[in-house]
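Beneath this line is the structure, given in structure tokens, with notes to follow.
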Amino acid sequence: MQSKLTIKEKIGYALGDGAANIAWRGVATFLLIFYTDVFGFAPAVVGVLMLVARFSDGISDILMGVVGDRTKSKYGKFRPWILWTAFPLGIILALLFTTPDLSENGKLIYAYVTYILFTLIYTANNIPYGALMAVMTGDDRERTSIGSFRMVGAFAGGMIVQGALLYLVMSFGSINPEMQLVRLSDETYKLNIVSTETVENALLKTEDGIAQFKLADKKDDIPTESKSFSMVEGEEYHLIVYGVKNLGKEDVILINQKKGYSYSIYVMSLFLSLFMLITFASTKERVVPDKKQKTNLKQDLKDLIHNKPWLVLLSIGLLFNIYNSIKQGIVVIYFTHFLKDQLLASSYMVGLTLASIVGAMITSFLSDRFGKKKLFIAALIISGIVNALIYFCTKTDVIGIFILGIISELAAAIFPTLFFTMLGDAADYSEYKNGRRATGLVYSAGSFATKFGGGIAASIIGIVLGMYHYDGQNQVAIEEAVPGIIMLMSWVPAVIALIAALLMVYYPLNDQKLREITLELQEKRNGIDRSEMLEDKAII
């Protein structure tokens, strides 16, 4: 059996998680602000939506693991699902960021339907994709290497969507309005603007994001760095602009947010489907269950429940995904409403993603040196404590926020890299202990933890913002919610990371035990019975 894989196959496999993270990080980072600031939903409504969808999806995760283990095709058990779901996943992602012209209840129903379909299709794609890593090779060290490649691909996919999306939104959503700019004083102007199209939720700002806008016709309107409001084609709107010298009409930007988000995601969806097809074409399944193993779902579930490494990993995976999802889900809101510079969020997320790639690349080396369990615990503690320090940063501490965020993310990148590798170890442990292998079912924990953890994170964000009466379309409410936004960006996720570190202490597989399991399984797959070998030695 081939244990060492080619770089080409590892890169091909990594592209699959690049594709998955175009979808997943796009949703985790931008869907919350899209729902609140563009769709107009209340944060609590969004939190409930995501929690309900993710919880119901937990059942489908287990079912997909069962289906994957029982799939039979000329391509293997897990590879064909990557092929079958490549285009459906891209299509549902595009629909998720499409805003149909419906009533308030109609929009909510549409959001529930598209979001639940997204989680189901993602399940059908991602559980087989994750399980594929465990059957590409039986060598646990080689799996750690594949895991590092996978996470590099994952973070690169995340960087594509997080770094480019806001700029694409500006490009695709750009409106060329008619404008008249009249200087009232040294740093004050009156802006008369007429949109060339009807826009339900237009975003008005200056290119550098410094100037403040106030609707002249509303006495109680508060000046803000950006102004979001509905515009009717041909109707003139009057605003007062403050805080900038030598302002020109070319400095003012008007964006159709709905069009911008939708068209940008359409482009991302095309890349997603292409990358998935490459993954399917470039990988191969090599580890197969014993031919004598009979299909027995009841026994598979019983083995799973008694698989202590898997149970610990399920809990850890849930917690670190809540941690990561809160951090990702609040970034754009934090930069938009606290630092007052939404585009700076793109630079921040690119910086974090580059740090993630470095973290994923060094995980294999650090794992060999310190062991997976010790490395996992250290990474959780370091990432959580450093992230909590963001709480003390002010609006002017941009460099400090970047530094703390990058250090925290460097350690956080180790979580998923080790997690999916260790799920393969848990599958080996089950085969070693019970003589049965259910790789897809074991990997269902990864998908469940990712999605349900993300749902809990979204509900936490929604609850906290709701407690502070956040309303993405009301500037007064936004300013009142800033303390809650800062909490979510700093110490709230940090507490969760530290709890996960405590639970990781109970993970039972150390490196010595893994070597023993790997050796015995390799001998068994090669037709060698260790007990017979020992008897032969005794006779000699």
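Every read-out reported here was derived from the displayed coordinates using simple, explicitly stated rules and does not represent laboratory data. This structure is a prediction, so every number in the text was calculated from the model and none was measured. Using ideal geometry, Cβ is built from the backbone for each residue, glycine included, and neighbour counts are taken over all protein chains shown.
In the neighborhood of ASN510, defined by Cβ-to-Cβ distances under 15 Å, what is the net charge if each Lys or Arg adds +1 and each Asp or Glu adds -1?
Working: positive: ARG141, LYS308, ARG369, LYS372, LYS373, LYS374, LYS513, ARG515; negative: ASP140, ASP368, ASP425, ASP428, ASP511, GLU516.
Local charge sum for ASN510: +2.
Rg/Rh for the stretch 322-380 stands at 1.13; both radii use Cα atoms, and Rh follows the Kirkwood definition.
Each of SER185, SER383 was scored by other Cβ atoms within 10 Å of its Cβ. Listed from fewest to most, they are SER185, SER383.
Between the listed residues ILE478, TYR506, ALA427, the Cα displaced farthest toward the positive end of the dipole of the chain, a dipole computed from Cβ unit charges relative to the Cα centre, is found at ALA427.
Averaging the Cα positions of each part gives two centres, and for the stretch 21-43 and the stretch 454-525 these lie 18 Å apart. For the pair the stretch 88-155 / the stretch 187-257, the C-alpha centres are spaced 37 Å from each other.
Note on ASP220 and TYR391: with the Förster distance fixed at 35 Å, the Cβ-Cβ geometry gives a FRET efficiency of about 0.65.
In the chain, the longest principal axis of the Cα atoms and the axis of helix 414-434 are about 30 degrees apart. The share of Cα pairs per 5 Å bin across the stretch 174-257, counted from zero up to the longest distance, runs 3, 16, 30, 29, 17, 5, 1 percent.
Computed over the chain, the per-residue total of -39500 (n - 2.57) for DSSP H runs of n ≥ 4 gives a 222 nm mean residue ellipticity of -23000 deg cm²/dmol, rounded to 500. By the count of other C-beta atoms within 10 Å, a proxy for reagent exposure, LEU120, LEU204 are ordered fewest to most as LEU120, LEU204. Applying the criteria of a DSSP loop state and at most 13 other Cβ atoms within 10 Å to the trypsin sites (Lys or Arg not before Pro) of the stretch 239-280 yields LYS245. Cross-link candidates for LYS245: which lysines have Cα within less than 25 Å, leaving aside residues fewer than 8 places away along the same chain? Correct list for LYS245: LYS190, LYS205, LYS214, LYS218, LYS219, LYS227, LYS340, LYS395.
Taking the charge dipole of the chain about its Cα centre, with +1 at Lys and Arg Cβ atoms and -1 at Asp and Glu Cβ atoms, the residue from SER195, LEU32, THR123 reaching farthest to the positive side is THR123.
Summing Lys and Arg as +1 and Asp and Glu as -1 over all other residues whose Cβ lies under 15 Å from the Cβ of TYR237 gives a net charge of -2.
Within a Cβ distance under 13 Å of LYS249, other residues only, what is the Lys/Arg minus Asp/Glu net charge? The partial results should precede the final answer.
Working: positive: ARG183, LYS190; negative: GLU178, GLU207, GLU250, ASP251.
Combined, the nearby Lys, Arg, Asp and Glu give -2.
Relative to the longest principal axis of the Cα atoms of the chain, the long axis of helix 342-370 lies at roughly 20 degrees. Take the Cα of ALA378, step 7 Å toward its Cβ, do the same at MET467, and the gap between the two points is 3.4 nm.
Contact order normalised by length for the chain, with contacts defined as Cα pairs under 8 Å and 6 or more residues apart; what percent is it?
Values: 961 pairs, mean separation 134.8, N = 540.
Relative CO of the chain lands at 25 percent.
Size of the stretch 114-153 from its Cα atoms: along the principal axes, largest to smallest, the extents are 39, 20, 9 Å. The residues SER103, SER226, SER171, SER356, when put in order of fewest to most other Cβ atoms within 10 Å, stand as SER103, SER171, SER226, SER356. Relative to the globular-protein estimate of 2.2 N^0.38 Å, the Cα radius of gyration of the chain stands at 1.05.
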